[in-house]
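Note sheet for the following structure.
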């Protein structure tokens with residue numbers, strides 16, 4: 001390149017920088033110019049290179065270099081080293097160049113080391129602590145490029161870079177004083193992104209947790225959105241939908257909808273509930289940006305899942321230790337449970353005003369003549385009668401029930417209050433933060449007549465005693481069950497135990513519906529699963545565990561279109577994590593047992609006993625504690641689908657660290673097959689931070705093999721190794 005051409009290129013660069021560019025794209029432009037300037041030796045350095053190098057050093061010291069490949073980082077590192085070898089020009093402002101340049105060189109070296117750790121499987125950049133259910137990070141991959149119309153020099157043409165925009169979703173807890181939670185979304189946003197998020201929420205509103213409160217939104221625009229660059233493939237519809245799901249997750253009174261416990265990125269365009277493909281030209285840079293960042297899971301449109309997998313596979317050939325999971329979704333309704341919309345009084349008021357305005361318009365039109373006036377009166381009367389008929393026909397159909405103070409307020413589908421139920425004040429004891437668990441309420445169709453009954457979990461006025469009370473739509477009590485009441489025929493009396501999670505309704509046999517209720521002691525050393533007949537509150541079956549039963553999840557493990565019920569927890573005597581699968585098909589055995597249950601039955605069925613396989617439990621898996629964990633036991637946390645009939649089960653210690661993933665093929669629910677066992681990237685980072693910073697990859701892999709051999713399954717003959725059982 002001739003000196004005059006370099007001068008024109010410098011003018012072009014300054015013109016582009018004035019427009020305002022994303023940091024990574026600006027770094028790429030300046031690095032390309034520096035390479036051309038330094039090819040002219042000292043003359044190019046003094047004339048143009050020094051000024052750009054000084055700007056570049058300042059930008060690198062401020063901008064995180066996450067998402068750049070090792071090759072790109074090496075080019076930046078080499079260019080800075082060459083710049084530092086030249087003599088500093090004697091011009092104003094050059095005194096601190098050495099300090100700024102060395103600082104930038106150190107920042108690039110640090111980024112290289114982090115990227116090497118990530119790609120070698122040794123560690124990740126992010127925190128090793130698990131993400132809270134009330135605070136979720138989600139990343140939106142975008143592609144920044146300078147529009148061709150703004151570029152006149154061919155050396156700058158075609159420059160683009162993949163970049164991750166980070167969003168944090170925080171849900172404030174709900175209290176009785178402030179019944180409406182607040183969803184905070186903090187991240188690099190713009191007015192267009194805000195509108196996209198709100199439109200996604202509007203479309204998803206009918207699928208939010210039934211009976212859950214509305215959300216308000218607080219935005220903080222902290223990112224860049226300058227006119228000098230175009231963000232290609234700004235497909236934030238899917239990540240915003242996942243963010244909304246994660247916010248609603250902590251508010252659901254029943255099932256957990258979606259568990260986001262890993263660093264997640266997503267890209268996808270929303271067409272109502274369907275996820276449509278993103279621009280094909282953005283696939284490669286988006287996949288690269290996620291691959292070279294500490295992202296563990298990337299959600300993509302289902303139609304483009306294989307394309308993303310192919311791109312990630314090509315990168316994995318060079319960096320085989322780096323794992324990036326690709327998940328595809330075609331329709332949000334596949335990951336959302338059905339729930340009806342709850343409308344409040346202000347919505348009804350707006351509709352009422354709209355009807356009245358319409359009636360006034362019709363009346364004014366008809367008053368031009370006597371015949372029209374008569375017709376207008378009749379029309380108005382008919383409209384009012386129709387309006388009243390519609391309201392009265394639905395006014396006594398419960399659609400939501402929430403605690404307000406010490407009362408249960410029941411509303412119909414129009415948001416009208418149909419009744420208030422007076423019950424004892426819910427919070428009776430403060431042990432282990434159980435107060436908010438004792439103010440649960442919901443509306444369920446428990447008898448299959450198409451009308452919802454009202455279910456309330458509340459205190460009884462007696463210390464350490466809970467009640468489940470069912471009311472009909474008129475407020476009449478149908479039945480009531482106590483956590484210490486012998487009315488639960490066959491139940492075991494546990495004076496120090498309380499119900500803390502209620503799930504339902506579930507189908508038990510052909511004619512019976514049931515409720516699943518988890519009980520546990522204050523010290524969490526013992527837990528019970530009560531399966532209750534929803535028609536009379538009688539106990540159908542009871543399972544006990546000497547340890548935690550943390551939650552029940554609905555998940556379609558064998559991908560047959562029917563959800564199973566998975567219990568996660570731990571067994572204290574053995575220190576092993578537990579994952580138990582129940583199915584409505586197997587509940588048929590409970591329906592046959594119901595007539596044989598009597599008050600003489602005083603023993604609950606142990607979940608560690610093979611007999612439980614004949615009484616509702618379909619599959620029981622047990623996981624050993626890792627030797628890297630100082631805790632006495634391991635906890636089974638959650639499972640998520642990886643592929644057709646394949647699920648990954650996550651286990652961790654008491655503190656949530658040392659996370660381990662067990663992958664199973666659930667094509668046959670009663671005899672799942674273990675595919676592999678891996679520590680997650682966060683788990684490996686936690687091992688080095690809390691156990692041994694010098695541990696080798698071979699030692700971690702050896703521990704993974706040991707844990708695989710220790711996985712056990714419950715059979716009619718007792719607990720056996722799953723590899724031995726699967727081999728039969």
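The values are calculated or read from the model by the stated rules, or taken from the named source; none is laboratory data. Source: prediction; values computed, not measured. Here the Cβ positions follow ideal geometry from the backbone for every residue, glycine too, while neighbour counts run over all protein chains shown.
What to note about this one:
- Within the option set 51, 2, 28, being modelled with pLDDT of 80 or more and more than 44 Å from the chain's Cα centre (by Cα) holds for one residue only, 51.
- Neighbours by Cβ (under 8 Å, 6+ apart or cross-chain): first from the stretch 7-26, more than 21 Å from residue 143 (Cβ to Cβ); second assigned to a loop (DSSP other than H, G, I, E, B) and at pLDDT below 70: 8/153; 9/1; 9/153; 12/151; 12/152; 12/153; 18/228
- Residue within the stretch 652-670 that is assigned by TED's automatic domain parsing to the domain that holds residue 719, in contact with a strand residue (DSSP E or B) (Cβ under 6 Å, 6 or more places away or on another chain), farther than 29 Å from residue 562 by Cα and at pLDDT 80 or above present: no
- Annotation: of all residues in the stretch 694-728 being assigned to a strand (DSSP E or B) and crowded, with 19+ Cβ neighbours inside 10 Å, the one that is farthest from the chain's Cα centre (by Cα) is 714.
- Some residue of the stretch 627-635 being farther than 24 Å from residue 526 by Cβ, in the same structural domain as residue 708 (by TED's automatic domain parsing) and assigned to a loop (DSSP other than H, G, I, E, B): yes
- Check on residue 36, touching a helix residue (DSSP H, G or I) at 6+ places or on another chain (Cβ under 7 Å) and either over 28 Å from residue 289 (Cβ atoms) or touching a residue at least 24 places away in the same chain (Cβ under 8 Å) (or both): yes
- Scanning the stretch 39-65 for residues that are touching a residue at least 24 places away in the same chain (Cβ under 8 Å) and closer than 12 Å to residue 83 by Cα yields a count of 13.
- Against the numbered list (1) crowded, with 20+ Cβ neighbours inside 10 Å; (2) under 26 Å from residue 582 (Cα atoms), residue 645 comes up short only at (1).
- Within this structure, residue 22 fails the test of being surrounded by fewer than 19 Cβ atoms within 10 Å (Cβ to Cβ) and either within 25 Å of residue 162 (Cβ to Cβ) or modelled with pLDDT under 75 (or both).
- Any hit, the stretch 135-149, residues being at pLDDT 65 or above, under 25 Å from residue 16 (Cβ atoms) and part of a helix (DSSP H, G or I): no
- Answer residue from the stretch 671-693, given it is in a loop (DSSP other than H, G, I, E, B) and modelled with pLDDT of 85 or more and is surrounded by the fewest Cβ atoms within 10 Å (Cβ to Cβ) among those: 671
- The residue list 540, 531 contains one member that is crowded, with 18+ Cβ neighbours inside 10 Å, farther than 14 Å from residue 606 by Cβ, touching a residue at least 12 places away in the same chain (Cβ under 8 Å) and touching a helix residue (DSSP H, G or I) at 6+ places or on another chain (Cβ under 6 Å), which is 540.
- Listed by position, the strands (runs of 3 or more DSSP E) enclosed by the stretch 364-472 that each have at least 2 residues that are at pLDDT 70 or above and within 22 Å of residue 515 (Cα to Cα) are 400-404, 407-411, 440-444, 453-459, 466-471.
- Answer residue from the stretch 260-297, given it is without any contact (Cβ under 8 Å) to a residue 40 or more places away in the chain and under 12 Å from residue 328 (Cβ atoms) and is nearest to the chain's Cα centre (by Cα) among those: 297
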